Amino acid sequence: MPSPKQARLTQQNLGALRPGVSVPAYDRGATEVGVVHFGPGAFHRGHQAWYIDTLLARDPRWAICGAELRPPGLAAALIPQDLLYIVAELDAQIRFRVIGSMKEYLMASQDADRIFARLTQPQVKLVTLTITEKGYCLAGSGELDLQHPDIAYDLAHPAEPKSAIGWVTEGLARRRAKGLAPFVAISCDNVVGNGHKFRNAVLGMAKARGDKDLAAWIAGEVRFPCTMVDSITPATDDALKQKVADAVGLYDDGPVQRESFLQWVIEDNLGPDAPDLGSVGASLTNDVEAYEQAKIRLLNGAHSTLAYAGLLAGHTSVGEAMDDARLAGFVARMMREDITPSLRGTRGLDFEAYINAILRRFRNPALTHRLYQIASDGSQKLPYRILGTIADALTAGRPIRRLAVPVAAWMTFVVREAKSGRALNDPLAKVLADVGSGCVGKASIDLPRFLALTDVFPTDLAKEPKFVSAVGAAYEGLDAFLD
Ligand code: CS2
């Protein structure tokens, strides 16, 4: 952590900020908590909390209680700052904004009773999540994995949940027991059909608890709208802390950096008591699926391709990978010729313009987005970002030669990390280390080791000869495939 020369960012010190830094346009003391958010990391703080910060200037009912599931979180950084932090928009224009929408920061490890108290308050109308794909504890089938250690623990200890699914299920159970209407449960993660997956997971937990009445109540009363969220938000590092401190004149130990692009598409099913998120730039629609499919397959699919192929080519950031003409050209062709045909689209969604905007965003020189960050959790990301597109292409009889490349590149990356002794940042890290360390660089020997991972590869796809041969060819000749 840089040795701060500046005074700390606090409510009291806001007047010491340099001119041009935006500050909350409302009295924070007059706001009330209306949202509980599980997983208050950088993306949530630069995205959803930004929208809410704008909303609080006209409606004080929607302050956020951040609920950290696992330490170490952000308590040490944010609590001394009165939960204020700065979002640095690093793009064609550089802008700094102090966000004040988080009013409370609680930790599951020590504040369980206070979190449950919030979850059972009538004025808390939304419970939202950014817990990443792995946080939903889903099996390869897309259903709740009852063997997942956290789910098994939560079933045995419902009052001390470890998983977000456990927290939300028990929170709903306690609300129902108090005779309260349920909160709206909103996933803000890159999961295709995130609202459906969230609902299935919570229903699966309620049924596994043997509480049929609770399951019936959830099924009949709780809204789980689907959403699409988008803003490129590289992880916070010391360089950013220094940059922000030098720019604004106060030290913020928990800043967030992101591009200026911000999008939140929400299924128009929030109910009558929800905040007016449409008034602050969110898009309410009955066709979220088209937007989330396009975003997860085009942007995130290209991101993961750049991550694995880029790291194998020696690049470290998205910008560097995009400066590699072969790789950038390959990704653009894959987006236009292989991913776009798999998309349903919807009125107002112009794929060519959308692709060009994504490629421009990837080239943003003001942001350094590390490929290792994107490469994390590959076992959880690949199914949504690439494998679904491949399955659709096979069904439609379209070629998958290019789409096989990110799969082969991920496998090659896993093998390289295993053989180098570097631990993967992935919930299946141990399994993947075993798989990778036993690989020899031959598809006939290596691919079966990966394709046996049913939490990553659906069985029917793993057995599909066209898939196996395309991935095998790419695996043994990756470099040749980038043309
Ligand atoms: C990235 C995403 O880290 C990753 O996997 O692909 O976080 C990406 O930056 C966001 O989805 C953009 O909205």
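Quick test for you: out of ARG385, ARG398, ARG402, ARG416, pick the one residue that is assigned by TED's automatic domain parsing to the domain that holds PRO465, in contact (Cβ under 8 Å) with a residue 24 or more places away in the chain, of a type in the set (D, E, K, R) and within 15 Å of the ligand (Cβ to nearest atom).
Among ARG385, ARG398, ARG402, ARG416, only ARG385 is assigned by TED's automatic domain parsing to the domain that holds PRO465, in contact (Cβ under 8 Å) with a residue 24 or more places away in the chain, of a type in the set (D, E, K, R) and within 15 Å of the ligand (Cβ to nearest atom).
For region 89-136, which strands (runs of 3 or more DSSP E) that fit wholly inside it have 1 or more residues that are over 15 Å from GLY34 (Cα atoms)?
The strands (runs of 3 or more DSSP E) meeting that bar are 94-99, 102-107.
If I filter region 124-131 for residues that are within 20 Å of ARG45 (Cβ to Cβ), assigned by TED's automatic domain parsing to the domain that holds GLN257 and free of Cβ contacts under 8 Å to residues at least 40 places away in the same chain, do I get at least one hit?
No - not one qualifying residue is present in region 124-131.
In region 226-257, which residue that is within 19 Å of SER304 (Cβ to Cβ) and in contact with a Leu (Cβ under 8 Å, 6 or more places away or on another chain) is farthest from the ligand (Cβ to nearest atom)? Full working, then the answer.
Taking region 226-257 as the starting set, the residues that turn out to be within 19 Å of SER304 (Cβ to Cβ) are 228-235.
Filter again for in contact with a Leu (Cβ under 8 Å, 6 or more places away or on another chain), leaving 230-232, 234.
Details: ASP230: 4, SER231: 5, ILE232: 4, PRO234: 8 Å.
Ranking the qualifying residues of region 226-257, first place goes to PRO234.
Restricting the search to region 41-67, which residues are free of Cβ contacts under 8 Å to residues at least 60 places away in the same chain and either among the hydrophobic types (A, V, I, L, M, F, W, C) or open to solvent by less than 10 Å² (accessible area, probe 1.4 Å) (or both)? Can you show your working first?
So in region 41-67, the residues free of Cβ contacts under 8 Å to residues at least 60 places away in the same chain come out as 49, 53, 56-57, 60, 63-66.
Listed by number, the residues that qualify are ALA49, ASP53, LEU56, ALA57, ALA63, ILE64, CYS65, GLY66.
If a residue must be assigned to a strand (DSSP E or B) and more than 30 Å from GLY135 (Cα to Cα), how many such residues does region 17-40 contain?
Matching residues across region 17-40 total 1.
Mind counting the residues in region 352-366 that are of a type in the set (A, V, I, L, M) and either outside the structural domain of PHE450 (by TED's automatic domain parsing) or within 10 Å of the ligand (Cβ to nearest atom) (or both)? Please lay out each step first, then the result.
Taking region 352-366 and keeping what is of a type in the set (A, V, I, L, M), we get 353, 355, 357-359, 366.
Those left that are additionally either outside the structural domain of PHE450 (by TED's automatic domain parsing) or within 10 Å of the ligand (Cβ to nearest atom) (or both): 358.
So the count comes out to 1.
Would you mind finding the one in LEU250, LEU277 that is crowded, with 21+ Cβ neighbours inside 10 Å, modelled with pLDDT of 95 or more and either over 22 Å from the mean Cα position of the chain (by Cα) or among the β-branched types (Val, Ile, Thr) (or both)?
Only one candidate passes the filter, namely LEU250.
Working only within region 303-321, note down all residues that are surrounded by fewer than 21 Cβ atoms within 10 Å (Cβ to Cβ) and in a helix (DSSP H, G or I).
LEU312, GLY319, GLU320
Just give me the residues in region 1-40 being buried (at least 19 other Cβ atoms within 10 Å of the Cβ), among the small types (Gly, Ala, Ser) and closer than 18 Å to GLN81 by Cβ, in sequence order.
none
The values are calculated or read from the model by the stated rules, or taken from the named source; none is laboratory data. This one's a predicted model, so the numbers in the text were calculated from it and none came from an experiment. Cβ: placed from backbone, ideal geometry, glycine included. Neighbour counts: every protein chain shown. The accessibility values were calculated without ligands, DNA or RNA, using every heavy atom of the protein model including side chains. Shrake-Rupley method; radii C 1.70, N 1.55, O 1.52, S 1.80 Å.
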